[in-house]
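Below is one structure, written out as structure tokens; comments come after it.
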Amino acid sequence: QVQFVESGGGLVQPGGSLRLSCAASTSIFSIYAMGWYRQAPGKQRELVAGINNNGYTNYRGSVKGRFTVSRDNAKNTVYLQMNSLKPEDTAVYYCNAASSTLDWTPNPRSWGQGTQVTVSS
């Protein structure tokens, strides 16, 4: 079972930037779609951004134009570049394999620890 380790989170001021990394325990070449998800306390986990092996990307409306998702299959790593961060972006961010680019359903057995992103002045 593939496992993921997220890193790169931290405390940042509004308008700042962070780059999150997701390292997979195995090759991601065979994983068709990968997604970034986030969860704030008392709130449901939600898809933030996704990417498939053909370069197709999908973004939540609230982050479109600010976040960029990318993947490096040779390094078995997925990235999320976050710019112009807002307080409402505060959450624990997770990466996971996604079922398809139609619904982006994550693999329930592959959740990692996540990385905390806090946007505050």
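The values are calculated or read from the model by the stated rules, or taken from the named source; none is laboratory data. Since the model is a prediction, treat every value here as computed from it, not as a measurement. Here the Cβ positions follow ideal geometry from the backbone for every residue, glycine too, while neighbour counts run over all protein chains shown. The area values use the complete protein model at the heavy-atom level, side chains included, leaving out ligands, DNA and RNA. Shrake-Rupley method; radii C 1.70, N 1.55, O 1.52, S 1.80 Å.
Normalising by the residue count of the chain, find the relative contact order in percent from Cα pairs under 8 Å and 6+ residues apart. Could you put the intermediate results ahead of the total?
Values: 296 pairs, mean separation 44.3, N = 121.
Normalised by residue count, the contact order of the chain is 37 percent.
On a full-extension model of 0.36 nm per residue, what is the gain between T101 and K43, subtracting their alpha-carbon distance, rounded to one decimal in nm?
Working: separation 58, 0.36 × 58 = 20.88 nm, distance 2.32 nm.
Gain in length upon complete extension: 18.6 nm.
Relative to one another, the C-alpha centroids of segment 5-39 and segment 77-94 are positioned 8 Å apart.
Share of Cα-Cα pairs in the chain beyond 26 Å, in percent? Intermediate results must be reported in sequence, preceding the final value.
Details: 897 of 7260 pairs.
The calculated P(r) of the chain puts 12 percent of pairs beyond 26 Å.
Packing around the peptides 36-42, 80-86, taken as the average count of other Cβ atoms within 10 Å per residue, puts them in this order, highest first: 80-86, 36-42.
A simple rule links phi to the HN-Hα coupling: the Karplus curve 6.51 cos²θ - 1.76 cosθ + 1.60 with θ = phi - 60°, which for segment 30-43 gives 8, 8, 5, 10, 10, x, 9, 10, 9, 9, 9, x, x, 10 Hz, with x for Gly and Pro. Within the shell of other residues whose beta carbon sits under 13 angstrom from the beta carbon of T57, the net charge comes to +3, with Lys and Arg scored +1 and Asp and Glu -1. Figure legend: label point modelled 7 angstrom from the Cα of T68 along Cα→Cβ; residues of segment 3-18 with amide N under 15 Å from it are 17-18.
Considering only G61, G16, G35, the mean-square fluctuation computed in a Gaussian network model of the chain, springs between alpha carbons under 10 angstrom, is largest for G61. Using a probe of 1.4 angstrom and keeping all protein chains present, the accessible surface of segment 64-120 works out to 49 square angstrom per residue. Taking amide hydrogens as placed 1.01 Å from N in the peptide plane, the amide H of G16 sits under 5 Å from those of L85, each at least 5 positions away in sequence or on another chain. Averaging the sequence gap over all C-alpha pairs within less than 8 Å and six or more residues apart, then dividing by the number of residues, gives segment 15-70 a relative contact order of 24 percent. Counting only Cβ charges, +1 for Lys and Arg and -1 for Asp and Glu, the dipole size of the chain around its Cα centre is about 80 debye.
What is the calculated FRET efficiency for S30 to S121, with r their C-beta to C-beta distance and R₀ = 35 Å, to the nearest 0.05?
Between S30 and S121 the formula returns 0.25.
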